[in-house]
Amino acid sequence: MLALETSCDETAVAILREDRSGHELLASEVASQVAAHEKYGGIVPEIASRNHLVYAPRLLDRAASAARTRMSEIDAFAATSGPGLASSLMIGASIAKGLAIGFGKGYLGINHLEGHLLSPFFEAENNGDTDIKPNVSLIVSGGHTMLVLVGGLTIYKVIGRTVDDAAGEAFDKVAKMLGLGYPGGPEIEKHARGGDPKRVDFPRSMPGSENFSFSGLKTAVRYLLPRIRVTPTEAQQSRGTPLNDAITGASGSLDFARDDKLLSDLCTSFQQAIIDVLVTKTIAAAQKYRVDLVTVSGGVSCNQELRRQMCDATSRKGIEFKSAEPWMCTDNAAMIAFAALLRLRAGFESHVTEEIDPNLALV
Ligand code: KG4
Ligand code: ZN
């Protein structure tokens, strides 16, 4: 199985081999376009698709040589067919369809979200028994935050989603406000190490609902920057320095230099607000729907503190927890190849006339 992933700003190609003894990942190539979009402060769709056109043929060559295979030896071709940027999705899907037609092989259009959702079940080498057990799946990435009740392969019910920003988007936007780099998640995680998660009491929105909202949290950070309302740490109180003064310099702008823990405490408090919401809602859903497995996927699930706290919370409730390996949490084609392989095994195939769908829903 050869798969392409070009739904956003990452071009990726993977090759997965399966025989009677199981499957094995032979190649997984990813080309990031972060540098190309950085100066525009966001993803420019036309630049993304032009870059996919440049990178995809190179990655196909690289993947084929890493897998020691030729295109003519591939049995099926897959590509992400949505959701994502239309002009980006078209590149990967057109290449996969062209290869399938050219070599007279099958084609599978795969939902990007299904790729993430199944990724915790992926093992680079597997003995052939991939059982997608019923679970509550939390997909947290730059574009999506959703809770899905999974009954098995292709049996999905979305039970909660963000009503505004995705969790990863909140990480990215807040990192930008704090003058940190892109993508923001890893930057905030790095600065959060050793910080005080209670120093700033950020809002935990929509308690009791299965839906999520992160724009209020983002706005809370924005308002906090010039004019702050906080719970001062003990150290702060004992030093007698009002936090407002430490944060607001004489000119009214931030002065991290006057408080060397400030950035770290802000990042930790912000990260903890997101983690609290993700963990609480996921556990509540698992209990409500009586499933004994929780899975987490998508770029934000690279976050070590989220993984640790989700692992602790699930084990306290006697629930099993699975997450993908960190390299498989961010966008890649191995997860698309895996989903395609499981679908092919279950008798699914797409027709080459099937169009990409930028708003493809998970059903
Ligand atoms: O899954 P992904 O590569 O792309 C989408 O499908 O959106 O996710 C990218 C998102 C970005 O918003 C990035 O900031 C976030 O995942 N992310 C993280 C971490 N690593 C990546 N968020 C929090 N902590 C991390 N370590
Ligand atoms: Zn993704």
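No value in this document is a laboratory result; all are computed from the given coordinates. Everything numeric in this text was worked out from a predicted model, so none of it was measured. Ideal geometry is used to build each Cβ from the backbone, glycine not excepted, and the neighbour counts take in all protein chains shown.
In whole Å, largest first, what are the principal axis extents of the Cα atoms in the range 133-234?
48, 29, 25
To the nearest 10 degrees, how steeply does helix 262-288 sit against the main Cα axis of the chain, on a 0 to 90 scale?
Between the helix axis and the principal axis of the chain, the angle is about 60 degrees.
Against the globular-protein guess of 2.2 N^0.38 Å, express the Cα radius of gyration of the range 302-363 as a ratio, rounded to two decimals.
For the range 302-363, the normalised Cα radius of gyration comes out at 1.55.
Measure nothing fancy, just the Cα-based angle from helix 334-345's long axis to the longest principal axis of the chain, in degrees from 0 to 90, nearest 10.
40
How far is helix 86-103 tilted off the main Cα axis of the chain, in degrees rounded to 10, range 0 to 90?
Between the helix axis and the principal axis of the chain, the angle is about 20 degrees.
For residue 124 paired with residue 87, estimate the spin-label separation in nm (one decimal), with each label point 7 Å from Cα along the Cα-to-Cβ line.
My value for the distance between the label points is 3.6 nm.
At 7 Å along the Cα-to-beta-carbon direction for both residue 316 and residue 182, put a label point, then send me their distance in nm to one decimal.
3.7
Can you give me the Cα centroid spacing of the range 158-172 and the range 72-144 in angstrom?
22
Explain nothing, just the number: relative contact order of the range 18-76, from Cα pairs under 8 Å at least 6 residues apart, as a whole percent.
Working: 22 pairs, mean separation 24.2, N = 59.
Contact order relative to length: 41 percent.
Would you be so kind as to identify which of 137, 90, 330 lies farthest towards the positive end of the dipole of the chain, taking Lys and Arg as +1 and Asp and Glu as -1 on Cβ and the Cα centre as origin?
Value computed over the given set: 137.
Sticking with the crude label model, points 7 Å out along Cα→Cβ, report the distance from residue 19 to residue 292 in nm, one decimal please.
Those two pseudo-labels are separated by 3.6 nm.
Quick one: net charge of residue 76's neighbours, Cβ under 9 Å, K/R +1, D/E -1?
Every neighbour counted, the sum reads -1.
If N is the number of residues in the chain, what value comes out of its Cα radius of gyration divided by 2.2 N^0.38 Å?
On the way: Rg = 21.9 Å, N = 363, 2.2 N^0.38 = 20.7 Å.
Its radius of gyration relative to the 2.2 N^0.38 Å reference: 1.06.
Can you figure out the FRET efficiency of residue 346 with residue 222, using R₀ = 41 Å and their beta-carbon distance, to the nearest 0.05? Don't jump to the answer; show the numbers that get you there.
On the way: r = 47 Å, r/R0 = 1.14.
So the FRET efficiency works out to roughly 0.30.
Only Lys, Arg, Asp and Glu count, each charged at its Cβ (+1, +1, -1, -1), so figure out the dipole size of the chain about its Cα centre, rounded to 20 debye.
Details: 37 positive and 43 negative charges, 133 e Å.
I would put it at about 640 debye.
Where does the longest stretch of the chain lie that holds no trypsin sites (Lys or Arg not before Pro) found in a DSSP loop with 10 or fewer other Cβ atoms within 10 Å? Please list the in-between numbers first.
Working: sites that count: 20, 39, 68, 70, 227, 290.
The longest uninterrupted stretch comes out as 71-226.
Less than 16 Å from a label point 7 Å out along the Cα-to-Cβ axis of residue 209: which backbone N atoms in the range 129-172 qualify, by residue?
Within reach of a label on residue 209, which here means backbone N under 16 Å from a point 7 Å along Cα→Cβ, the range 129-172 contributes 145-147, 159-167.
List the relative contact order of the range 152-209 as a percent without decimals, with contacts defined as Cα pairs under 8 Å and 6+ residues apart.
Values: 22 pairs, mean separation 10.7, N = 58.
Over the range 152-209, the number comes to 18 percent.
Over 5 Å intervals from 0, what percent of Cα-Cα pairs in the range 81-181 sits in each interval?
2, 10, 15, 16, 17, 17, 12, 6, 3, 1, 0
Which lysines, if any, have their Cα less than 30 Å from the Cα of residue 198, not counting same-chain residues under 8 positions apart?
Excluding near neighbours in sequence, the set is 173, 176, 190, 218, 261, 281, 288, 317, 322.
Report, please, the projected area of the range 1-115 averaged over directions, based on the convex hull of its C-alpha atoms, in nm². Present the calculation step by step, with values, prior to reporting the outcome.
Values: hull surface 28.3 nm².
One quarter of the hull surface, i.e. the mean projection, equals 7.1 nm².
Do you know the relative contact order of the chain, to the nearest whole percent, from alpha carbon pairs under 8 angstrom that are 6+ apart?
Details: 756 pairs, mean separation 86.7, N = 363.
Across the chain, relative contact order equals 24 percent.
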